[in-house]
Amino acid sequence: MPTFHVDVTIPPGQTSGHLFIELFIADGIHLGHGVMDLRYHAGGRECGQPCTVTGTVNAKMEMFAMDVVVPAGSALELVISQTGDDYIPSTVSSGYVTIGTNQNSVLSLPIIDRTADDLFVPPVWYENIE
């Protein structure tokens with residue numbers, strides 16, 4: 001799965017933040033997206049007690065699984081926001097955050113080359129009529 005690790009700063013007085021990322025082919029074709037409540041910035045489902053986060057953290061985001069073909073030479077566009085089409089941040093994550101663009105901010109796009117042999121071939125159905 002594509003991953004996006006990014007340094008995010010949550011300002012004093014806030015207890016969390018929220019990120020929404022979308023990946024497009026530059027002509028507007030949506031490839032995939034990811035969403036993160038920054039209280040879970042390290043991944044997983046566990047949150048410390050109290051369940052808050054402040055200061056600068058490295059958000060280790062994963063995009064939802066994609067099965068796409070990107071033509072060679074295509075430009076990609078990564079859009080970073082706090083909410084998307086059908087995602088609403090929790091009330092504790094609704095404040096602003098600052099994104100860092102440094103060596104800790106990395107977009108990883110795995111490339112998997114598949115041949116026709118890798119494709120699923122459904123079994124042939126025979127109905128025996130007597």
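The values are calculated or read from the model by the stated rules, or taken from the named source; none is laboratory data. It should be emphasised that the depicted structure is a prediction, and the values quoted were computed from it without experimental measurement. Virtual Cβ from ideal backbone geometry, glycine too; neighbours counted across all protein chains shown.
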Set 121, 106, 79, 92: member being touching a His at 6+ places or on another chain (Cβ under 6 Å) and either surrounded by 12 or more Cβ atoms within 10 Å (Cβ to Cβ) or not charged (D, E, K, R) (or both)
106
A careful count of residues in the stretch 46-70 that are crowded, with 16+ Cβ neighbours inside 10 Å and touching a helix residue (DSSP H, G or I) at 6+ places or on another chain (Cβ under 7 Å) gives 3
Filter the stretch 10-34 down to the residues that are among the β-branched types (Val, Ile, Thr) and surrounded by fewer than 17 Cβ atoms within 10 Å (Cβ to Cβ) and list them by number.
15, 25, 29
Scanning the stretch 43-67 for residues that are of a type in the set (Ser, Thr, Tyr) and in contact with a strand residue (DSSP E or B) (Cβ under 8 Å, 6 or more places away or on another chain), the one nearest to residue 31 (Cα to Cα) turns out to be 56
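Residues 73, 43: which one is modelled with pLDDT of 85 or more, on the phi > 0 side of the Ramachandran plot and loosely packed, with under 14 Cβ neighbours inside 10 Å? Outline the logic, then answer.
Numbers: 43 fails: modelled with pLDDT of 85 or more.
On inspection, the qualifying residue turns out to be 73.
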Wholly inside the stretch 26-130, strands (runs of 3 or more DSSP E) that include 1 or more residues that are under 25 Å from residue 13 (Cα atoms) and free of Cβ contacts under 8 Å to residues at least 40 places away in the same chain are 29-37
